[in-house]
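The values are calculated or read from the model by the stated rules, or taken from the named source; none is laboratory data. The structure displayed is predicted, hence computed values, not measured ones. Neighbour counts run over all protein chains shown; Cβ positions are idealised from the backbone, glycine included. Ligands, DNA and RNA are stripped out before the accessible areas are found, and what is left, the full protein with its side chains, is counted by its heavy atoms. Shrake-Rupley method; radii C 1.70, N 1.55, O 1.52, S 1.80 Å.
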Amino acid sequence: MARPPAVTRDRFLGGWAKPASSQDLDPAVAASGSAAGPPVPSDGSERIAVFPGRSFAGGTHAETRRRFPLRLLSFVGVVGLPLALAAFYYFSVAADQYVAEFRFALRSVEPVRNEASAIFQGSVASSPIGIDSYAIVQYLASRDIVDDLSKTIDLREMFSRPEADWLVRLQLPVSIEELVRYWKNQVDAFFDATNGTIVVRARAFTPEDAFKLAQGVLASSERLVNDLSARARRDTLRNSEKEVRRAERRMKTALVRLREFRDREGIIDPRKTADATQALAGRVRDELIRTDTELSTLKHYMRADAPSVRMLETRVQSLQAQRRSVESEVTDTEKSRSEVLSRAMGLYEHLESERTFAEKAYQHALESLDRSRMNADRQQVYIAGFVQPSLPEESLYPRRLRSFGVVFVLCFAVWGIGGITRKSMPDHL
């Protein structure tokens, strides 16, 4: 059987080519013993031709040797140099920072009535104590506390001491806004809404400064709480006094209107006058009935022109006139308002009810004022400190090993991502 033709290198790489002859080779290549000759099968059973004296891996190794220095240089520049700088700073330059921590909570004299939602959530943030606690935390990060502490503590000198390194030291001179920004990095206040406590950490470059700073922050917080409590007491007392004055003016107005009515009508108490008039009318009616009865009796056995009969008739007429006069004082609609006792009684009852209501309102206002004064005599909200500031003995910052590890992880991640990106770029071009 005829042997199949030899497969050239081009077929090996995926294409077909004409087998090379000795005449097609370059003379210089043909003269050298190491030059690749025409493809020759290795034995009778193989169909893949080989090129004697030629290696396909030689180009790959050369390319790997060329890329190795570039990888090494990129690793040194991206990872090694930043690590060296970080190690030099954290272990040789970075200054120690001491932390003084204290904890306190706001308490109220009166028991706080929590809402049902706050009970199920297990939080006191929605209560008045929680709102005041958030106000304290906001105050500790504001300019007000910096201004308050600057009266007793030189914060600029404290944060720019020579013990601090140049990177974290406060560079003088600085404005108040820059000092407030630096303050927020040195003092950390946190309100734990689950248990209602406030945690404050003060950092400085010496233990004494950290302790002094923590004491100043605690004193300023206590002054703020006292001011808020005193302001609330003053507001409550002022509102109670204002309500008392309003009720007093109302009661005086009602009394003046009632006195004017009595002077105008000439009646002290129309109800009592009406009762007396009704009693008088009843007696007149009784007398009229008795006189009329006597007159009827005399007419049975005496003449009509008898003096006794005429006298009784005259008496009956007088009693009838007196009865009409008494009854008209109460309900006669033909008389003017000032002459009718029923109308005067209606106006008097209105004035009397207004006076009674004004007196009760004035009494309640006085009681509320007394309660406000009692509450004002005691402090409503106060600071209950259960962890007092103490002098630190060991620096907590900077955390050198942790910071150095973070720098290493970040630099190595950047270097790795950069290498992966460089390798993947030719595949996407």
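Could you order peptides 403-415, 95-107 by the average number of other Cβ atoms within 10 Å of their residues, highest first?
95-107, 403-415
If you average the alpha carbon positions of segment 218-269 and of segment 79-98, how far apart do those two centres end up, in angstrom?
A separation of 68 Å, based on Cα centres.
Taking the Cα-to-Cβ direction at Ala321 and at Gln278 and moving 7 Å from each Cα, how far apart do the two end points lie in nm?
So the label points at Ala321 and Gln278 sit 2.8 nm apart.
Given a 1.4 Å probe and every protein chain left where it sits, what share in percent of the accessible area of segment 246-307 is carbon and sulfur?
53 percent
What order do you get for 148-161, 166-179 when each peptide is scored by the mean count of other beta carbon atoms within 10 Å, highest first? Each step should come with its number before you reach the end.
Numbers: 148-161: 15.5, 166-179: 12.5.
Final packing ranking: 148-161, 166-179.
In segment 374-417, which residues have a backbone nitrogen under 18 Å from the label point lying 7 Å from Gln215's Cα in the Cα-to-Cβ direction?
385-394
Can you bin segment 180-243 into rounded, prolate or oblate? Criterion: square roots of the alpha carbon gyration tensor eigenvalues sorted a ≥ b ≥ c, rounded for a/c under 1.5, prolate for a/b above b/c, oblate for the rest.
prolate
Provide the gained length on full extension for the span Arg161 to Lys184, in nm with one decimal, where the gain is 0.36 nm per separating residue minus the Cα-Cα distance. All intermediate terms of the calculation are to be shown ahead of the outcome.
Details: separation 23, 0.36 × 23 = 8.28 nm, distance 1.79 nm.
Additional length available on full extension: 6.5 nm.
Quick one: if the Förster radius is 45 Å, what FRET efficiency do Val109 and Arg245 give, using the C-beta to C-beta distance and rounding to 0.05?
Plugging the Cβ-Cβ distance into 1/(1 + (r/R0)^6) gives 0.95.
Which value in nm describes the separation of the simple spin-label points at Leu255 and Arg234, placed 7 Å from the Cα toward the beta carbon?
In this crude label model, Leu255 to Arg234 measures out at 3.2 nm.
Grab the Cα-Cα distance for Asp263 and Tyr301, subtract it from 0.36 nm times how many residues apart they are, and report the gain in nm with one decimal. Show your work: numbers first, answer last.
Numbers: separation 38, 0.36 × 38 = 13.68 nm, distance 5.48 nm.
Additional length available on full extension: 8.2 nm.
How high is the FRET efficiency from Val387 to Ile176, r the C-beta distance, R0 35 Å, rounded to 0.05? Let's see the in-between values first.
Details: r = 31 Å, r/R0 = 0.87.
Once rounded, the FRET efficiency stands at 0.70.
Using a Förster distance of 56 Å, how high is the FRET efficiency between Lys360 and Val309, based on the Cβ-Cβ distance and rounded to 0.05?
With a Förster radius of 56 Å, E is 0.35.
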